[in-house]
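My questions will all concern the structure given below.
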Amino acid sequence: MELRARRLALDALDRAAKGAYADVALHQVLQRYAPDGSDRTLVTELVYGTIRQQRTLDTLIQGFCRQLPPLPVQLVLRLGLYQLRYLDRIPTHAAVHSSVELVKEIGLGGFAKLVNGVLRRYTRSTLDPLDALIADLPLISQLGCRYSFPDELITSWLERLPLQECTALCQWFNQPPRLDLRLNPLRTTADQLIADFETAGYGLQPIPPLPQGLVLSHCGQSMQALPGYAAGHWSVQDRAAQWVSHLLDPQPGEVVIDACAAPGGKTTHIAELMGDQGRVIACDRSPTRLRKLAQNRDRLGLKSIEIHTLDSATAENFAAVGDRVLLDVPCSGTGTLHRHADARWRPLKTRLAELLPLQAQLLATVCQWVKPHGLLVYATCSLEPAENEAQIQQFLAHHPQWHIEPPPPNFPLKAAPEGWITVWPQRDDMDGFFMVRLRRDS
């Protein structure tokens, strides 16, 4: 069974290497071959972990091989080295033997001796071989190779963080993500949901002081198989993302617009906070992603949400309609790199060149949807100043009728002197986020 799990992981890694998103590649493999329980957990760990640690693993492979083998063999070596380096629960002999058998199974048995030699050489090392391989590199590249990040991300973080904090951030992003849930208080209570999970053999704990936040200790099943999912008792949502809707603070009876709503985690949270009383307008330009929002709305039993397929960067449909508007813009996602294993390998400069004009245009358009004296919350899951502080400063410079409104004094997340909130994972132990409240004066 374990060889089968590794074979499925190799299939997903091959798809990802050919251009598929890691989560899509994994989903395709799990759907097609339907492993369950521990097998499913192992496949997921191997795929996401190997992709996260790709630069470190490739540094080792390059150090051990005079000439790089074909890509399928490199993937087998990555998989084997990942198990040896990062998974204590897998015996050394099992990791080596399964890798040799795997390269034979894919029709490249001629490389079995190479695979065996590289992995056994790693296991015989009394010192970490990575230390010698990166010793002569510049500091930024040393950090990038050791913690498996591109140099441009390390450079960006070191511009704002001391070395110790940058290292802590890298280590935090290399952890497997937790599974945070958000209670639907319109359908159940925290005590009841915790009891339901306990009966099913799962540990579920509150996340104080987050009102609806719960964390699941382990999960070997699909979400749909967990207690209360079909009945709409909960949604999956990271704790940092939940704080965004609390900062918006929607009230029953208001008109609230979510301008970039799909797939709907914050939209449904807004409706729950309003007690499903009022009007929640969910906008997005992706019909496919909006279908997911509609499914979650219906599963959670929310009646106040109406869905509109439109491009919020250009639409004028809701001029001065919203008491409160949420603008959770498309962003680089550098605050959620542990959750999206392959996102770290997408060139940051290229992404920012596409995203920054879009974010500015969204702000300029969506601010017109807010009523006089109404509130706009701008949010990203990015740690990049160009997407965060700089966007807000640029917006305020061109819109004098707006100002930053700091969160209330009792808000659990601490704001900067300017009034915005930056969540740093290594400090706050949650996804990286930026959020700010903007008040319209007239």
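The values are calculated or read from the model by the stated rules, or taken from the named source; none is laboratory data. Just so it is clear, the model here is predicted, and its values are computed rather than measured. Note that each Cβ is placed from the backbone with ideal geometry, even for glycine, and that neighbours are counted across all protein chains shown. When the accessible area is computed, the model is the full protein with side chains, heavy atoms only, and any ligands, DNA or RNA have been set aside. Shrake-Rupley method; radii C 1.70, N 1.55, O 1.52, S 1.80 Å.
Whole angstrom only: what separates the Cα centroid of the stretch 97-140 from the Cα centroid of the stretch 147-202?
After rounding, the separation between the Cα centres reads 30 Å.
Decide, for the stretch 80-143, between rounded, prolate and oblate: order the square roots of the alpha carbon gyration tensor eigenvalues as a ≥ b ≥ c, take rounded if a/c falls under 1.5, and otherwise choose prolate if a/b is larger than b/c, else oblate.
Working: a/c = 2.46, a/b = 1.82, b/c = 1.35.
Prolate.
Let me ask you something else. Over the stretch 171-228, what is the relative contact order in whole percent, taking alpha-carbon pairs under 8 Å and six or more residues apart? Don't skip to the end; give the middle numbers.
Numbers: 61 pairs, mean separation 21.3, N = 58.
Relative contact order, the stretch 171-228: 37 percent.
Taking Rh as the Kirkwood radius computed over C-alpha pairs, what is the Stokes-Einstein D of the stretch 248-318 at 25 °C in a medium of viscosity 0.890 mPa s, expressed in µm² per second? Show your work: numbers first, answer last.
On the way: Rh = 11.8 Å.
Value of D from the Cα-based Kirkwood radius: 208 µm²/s.
Suppose all protein chains stay in the model; what accessible area per residue would a 1.4 Å probe give for the stretch 159-207, in Å²? Before the final figure, lay out the partial values.
Values: 2520 Å² over 49 residues.
That works out to 52 Å² for each residue.
If exposed means no more than 16 neighbouring beta carbons inside 10 Å and the site is in a DSSP loop, what's the longest run of the chain without any exposed GluC sites (Glu not before Pro)?
Working: sites that count: Glu159, Glu316, Glu418.
Counting only loop sites that pass the neighbour cut-off, the longest clear stretch is 1-158.
Right, another one. Could you list the trypsin sites (Lys or Arg not before Pro) in the stretch 82-168 that lie in coil according to DSSP, counting only those with at most 15 other Cβ atoms within 10 Å of their Cβ?
Numbers: sites: Arg85, Arg89, Lys104, Lys113, Arg120, Arg121, Arg124, Arg146, Arg160; in loops: Arg89, Arg160.
Here the sparse-neighbourhood loop sites are Arg89, Arg160.
For the chain, calculate the relative contact order in percent as a whole number, restricting contacts to Cα pairs under 8 Å that are 6 or more residues apart.
12
Once the Cα atoms of the stretch 282-394 are picked out, what are the Rg and Dmax in Å?
Rg, Dmax (Cα atoms, Å): 15.4, 43.
Per residue of the chain, what 222 nm ellipticity follows from adding -39500 (n - 2.57) for every DSSP H run with n ≥ 4, rounded to the nearest 500?
On the way: 18 runs with 208 residues, N = 442.
So the calculated ellipticity at 222 nm is -14500 deg cm²/dmol.
Which value, to two decimals, describes the C-alpha radius of gyration of the stretch 116-203 once divided by 2.2 N^0.38 Å?
Values: Rg = 21.3 Å, N = 88, 2.2 N^0.38 = 12.1 Å.
Rg over 2.2 N^0.38 Å, computed on Cα atoms: 1.77.
Still on this model: Hey, in the GNM for the chain with a 10 angstrom Cα cutoff, which one of Asp311, Asp258, Asp276 fluctuates hardest?
Answer for the Gaussian network model of the chain: Asp311.
While we're on this one: Could you let me know the centre-to-centre spacing of the stretch 403-430 and the stretch 258-292, using Cα atoms, in angstrom?
24
While we're on this one: How about Lys303: which lysines have a C-alpha closer than 26 Å to its C-alpha, ignoring those fewer than 8 places off in the same chain?
The reachable lysines, counting only those whose Cα sits under 26 Å from Lys303, are Lys266, Lys292, Lys371.
From the protein chains alone at 1.4 Å, what is the descending order of accessible area for Cys145, Cys381, largest first? Could you put the intermediate results ahead of the total?
Details: Cys145 10, Cys381 35 Å².
Output order, biggest surface exposure first: Cys381, Cys145.
Using a 1.4 angstrom probe with every protein chain in place, what is the largest-first accessible-area order of Thr365, Thr126? Mind showing how you got there, number by number?
Details: Thr365 20, Thr126 135 Å².
The ranking, largest first, comes out as Thr126, Thr365.
Here is a follow-up. How much of the calculated P(r) for the stretch 1-140 lies past 23 Å, in percent of all Cα pairs? It would help to have the intermediate numbers written out before the result.
Working: 2979 of 9730 pairs.
Considering the stretch 1-140, 31 percent of its Cα-Cα pairs are separated by more than 23 Å.
How many Å² of accessible area per residue for the stretch 97-139, probe 1.4 Å? Don't skip to the end; give the middle numbers.
Working: 2620 Å² over 43 residues.
Result: 61 Å² of accessible area for each residue.
If you restrict to DSSP beta bridges whose two residues both lie in the chain, what percentage is antiparallel, to the nearest 5?
Values: 22 of 40 bridges.
The answer is about 55 percent antiparallel.
Shifting gears a bit: Shape of the stretch 139-260 from its Cα gyration tensor (a ≥ b ≥ c, root eigenvalues): rounded if a/c is under 1.5, otherwise prolate when a/b > b/c, or oblate? Please report the intermediate quantities before stating the final value.
Numbers: a/c = 2.93, a/b = 1.66, b/c = 1.77.
Oblate, since a/c reaches 1.5 and b/c is not below a/b.
Please identify every one of the trypsin sites (Lys or Arg not before Pro) in the stretch 8-58 that sits in a loop by DSSP and has no more than 10 other beta carbons within 10 Å of its own beta carbon. Spell out each step's value before the answer.
Working: sites: Arg15, Lys18, Arg32, Arg40, Arg52, Arg55; in loops: Lys18.
Of the trypsin sites (Lys or Arg not before Pro), the ones in loops of the stretch 8-58 whose Cβ has at most 10 other Cβ atoms within 10 Å are Lys18.
Tell me the per residue accessible area of the stretch 276-433 using a 1.4 Å probe; a whole number in Å² is fine. Let's see the in-between values first.
Numbers: 6860 Å² over 158 residues.
Here the residues of the stretch 276-433 average 43 Å² of exposed surface.
Under 1.5 on a/c is rounded, so check that first for the stretch 1-76, then, if it is not, pick prolate when a/b is larger than b/c and oblate when it is not; a ≥ b ≥ c are the square roots of the alpha carbon gyration tensor eigenvalues.
Details: a/c = 2.16, a/b = 1.84, b/c = 1.17.
Prolate is the answer for the stretch 1-76, as a/c is 1.5 or above and a/b outweighs b/c.
Rounded to the nearest percent, how much of the accessible area of the chain (1.4 Å probe, protein heavy atoms only) is carbon and sulfur?
On the way: 9920 of 19150 Å².
So the carbon and sulfur contribution to the accessible surface is 52 percent.
Are there any helices in the chain, counted as whole DSSP H runs, that stretch 24 Å or more along their axis by Cα and score at least -1.0 on average by Kyte-Doolittle, and if so which? Don't jump to the answer; show the numbers that get you there.
Numbers: long enough: 348-366 (25 Å, 0.75).
Result, helices passing both filters: 348-366.
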